[in-house]
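The values are calculated or read from the model by the stated rules, or taken from the named source; none is laboratory data. None of the values given here were measured: they were computed from a predicted structure. For neighbour counting, all protein chains shown are included, and Cβ atoms are generated from backbone atoms with ideal geometry for every residue, glycine included.
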Amino acid sequence: MKKNLLYFVLAFYIVYLITVWVKIPDVNFYLKPFLIPSLIMYATTRSYFSGKEILMQALVFSTLGDILLLFSDYNDFFFISGLISFLIAHIFYIRLFLKKIKSSFSYPWVFVSLALIGIYLFYFLSTMWEKLGKMKIPVTIYALVISTMLFAVIQVFVSKTLKKGEILLLGAFLFVVSDSLLAWNMFYQEIAQASFWIMSTYLFAQLFLVAGWVNSMKKREID
């Protein structure tokens, strides 16, 4: 039953992405608020697992971000509010992953991952800097937070504290790709079929993060 529900979420995402690819905006608009709640429904059917409450909070703020960004074309308030919602969601994700690495940092990988993430951040922000305008500070803060989330997942992966660490790593990487595409398309240069690529990487990022986490836990693991 639980596996079937995960397949339902996957099928729902594929149907949504098809509507994005063929450009049916009315359908996209009404389906989008239910994308992450379908993942919440999947996670709530699982037996109690470590960090369940934190994961739910991350998904709730992701849902709020999705809804707010639906109206970002009407007013900058919705874009900023959506950005803040996703920033909070990433903070919850960071808290979740830190629970598994607080006593098991792999220090050689700390420096390697910090260097690689730092190089990417510098290149990405410096390339777009002049075109960010009044969004320089919000975008920089957001980029630092999501980079911290990626860093935390890398440490979970290399410390082998979770058996599904590679799925979490793929999810975190896709989240960075999705947000990078969004910023690049919005502030620097238009990308062909941008909505499809942004949403496909975003949805699979969330799917991998949630499925990777809940399937790494023992049936009744306690915090």
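For the reader, a short list of remarks on this structure follows.
- Within the stretch 144-194, the set of residues being under 18 Å from Ser50 (Cα atoms) and hydroxyl-bearing (Ser, Thr, Tyr) comprises Ser159, Thr161.
- The requirement of being touching a Lys or Arg at 6+ places or on another chain (Cβ under 9 Å) and part of a helix (DSSP H, G or I) is satisfied by Val156.
- Residue match in the stretch 161-169 (condition: under 12 Å from the mean Cα position of the chain (by Cα) and modelled with pLDDT of 90 or more): yes
- The residue list Phe86, Phe71, Phe29 contains one member that is out of contact with any Gly (no Cβ under 9 Å at 6 or more places or on another chain) and among the aromatic types (Phe, Trp, Tyr), which is Phe29.
- Residue satisfying all of: in the stretch 142-165; free of Cβ contacts under 8 Å to residues at least 40 places away in the same chain and surrounded by fewer than 18 Cβ atoms within 10 Å (Cβ to Cβ); farthest from Leu98 (Cα to Cα) among these: Leu144
- Qualifying residue in the stretch 103-114 (condition: within 19 Å of the chain's Cα centre (by Cα), in a helix (DSSP H, G or I) and free of Cβ contacts under 8 Å to residues at least 24 places away in the same chain): no
- The single residue among Leu31, Leu59 that is surrounded by 18 or more Cβ atoms within 10 Å (Cβ to Cβ), modelled with pLDDT of 90 or more and within 20 Å of the chain's Cα centre (by Cα) turns out to be Leu59.
- The stretch 196-217, residues that are at pLDDT 95 or above and of a type in the set (Gly, Ala, Ser): Ser200, Ala205
- If the condition is being in contact (Cβ under 8 Å) with a residue 60 or more places away in the chain, in a helix (DSSP H, G or I), out of contact with any Phe, Trp or Tyr (no Cβ under 6 Å at 6 or more places or on another chain) and more than 16 Å from Asp73 (Cβ to Cβ), then the stretch 185-198 contributes only Tyr188.
- Residues that are closer than 27 Å to Val20 by Cα, free of Cβ contacts under 8 Å to residues at least 60 places away in the same chain, among the acidic types (Asp, Glu) and assigned to a helix (DSSP H, G or I) are absent from the stretch 117-138 altogether.
- Any hit, the stretch 48-67, residues being among the aliphatic types (A, V, I, L, M) and farther than 30 Å from Ile14 by Cβ: no
- Flag if Ser81 is part of a helix (DSSP H, G or I), under 17 Å from the mean Cα position of the chain (by Cα), of a type in the set (Gly, Ala, Ser) and under 21 Å from Met186 (Cα atoms): yes
- For the stretch 117-141, the candidate set comprises residues that are β-branched (Val, Ile, Thr) and more than 24 Å from Phe97 (Cα to Cα); within that set, the residue that is surrounded by the most Cβ atoms within 10 Å (Cβ to Cβ) is Thr127.
- Put simply, of Leu59, Leu5, Leu35 the only residue that is farther than 17 Å from Thr201 by Cα and in contact (Cβ under 8 Å) with a residue 12 or more places away in the chain is Leu5.
- Any hit, the stretch 102-116, residues being surrounded by 14 or more Cβ atoms within 10 Å (Cβ to Cβ), modelled with pLDDT of 95 or more and hydroxyl-bearing (Ser, Thr, Tyr): no
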